[in-house]
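As structure tokens, the structure follows; a few thoughts come after it.
Laboratory data are not the source of any read-out in this text; all were calculated from the coordinates shown. What you see is a predicted model, and the numbers here were worked out from it, not measured in a lab. As a convention, Cβ positions derive from the backbone with ideal geometry for all residues, glycine included, and neighbour counts pool all protein chains shown.
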């Protein structure tokens, strides 16, 4: 084994065990990918919880993002790296398993859309984000079976926010196509109302409310779904039964 190489064993859930030699350059690439994924995840959680005012200008948006850290600068660097992992179809390919994994593509699309809204993306990155959006919305419209690893719950909020940010910045025909795809009924996107009712359902609730606010689904239908999740699918119990009212995923200890 070369002195500069690190030997890692990957035992991912659902994947075969493999031994791989990574040199230092590859370790740095993987590290950048992981940091990008974490950054995009954190941004999307903040977006989903706090939202962005409907009439926020690009300048106001940039100022709010940069209030404590240079978030747009960090996002640009990370998105530029992820762009190198994009295939011809627009999907972001995980370098460890050599395929699209879960919700990396819609989160990338949302991150790029945020940079576009803040006037921080060049045309090359913009076009990459558009290709990612084309691919992810097509997966979304094909329903649960066509979404990578069946993770439709995590597509809803990210694609809705990306669509909002791209609005007015790209051609209307493509936006209309995305809108039609993003109006796919929730019943077609998730496995069922009775399964995956931990944090997966929380993400779906958030996404459905964002879709209702964007006019992608009816408000009444979104409320029915959210109230069913809150009252009948354990979402309320996961919070009110905790001493500190912290959400309990019940999928680990603690």
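How much length would be gained if the chain were fully extended between residue 81 and residue 99, taking 0.36 nm per residue of separation minus their Cα-Cα distance, in nm to one decimal?
Difference between extended and current length: 4.8 nm.
Could you tell me whether segment 83-225 comes out rounded, prolate or oblate from its Cα gyration tensor? Rule is a ≥ b ≥ c as square roots of the eigenvalues, rounded for a/c under 1.5, then prolate if a/b exceeds b/c, otherwise oblate. Oblate is the answer for segment 83-225, as a/c is 1.5 or above yet b/c matches or exceeds a/b. Taking other Cβ atoms within 10 Å as a rough exposure proxy, 205, 83 sort from fewest to most as 83, 205. Can you tell me how much longer the chain between residue 74 and residue 193 gets when fully stretched, taken as 0.36 nm per residue apart minus their C-alpha distance, in nm with one decimal? Stretched out fully, the residue 74 to residue 193 stretch lengthens by 39.1 nm. As a rough guide to protection, the peptides 210-222, 103-115 ranked by mean Cβ packing within 10 Å, highest first, stand as 103-115, 210-222. If the segment from residue 180 to residue 240 were pulled out straight at 0.36 nm per residue, it would be longer than the present Cα-Cα gap by 17.9 nm. Pop a pseudo-label 7 angstrom from the Cα along the beta-carbon direction at both residue 88 and residue 145 and give the gap in nm to one decimal. About 2.6 nm, to one decimal.
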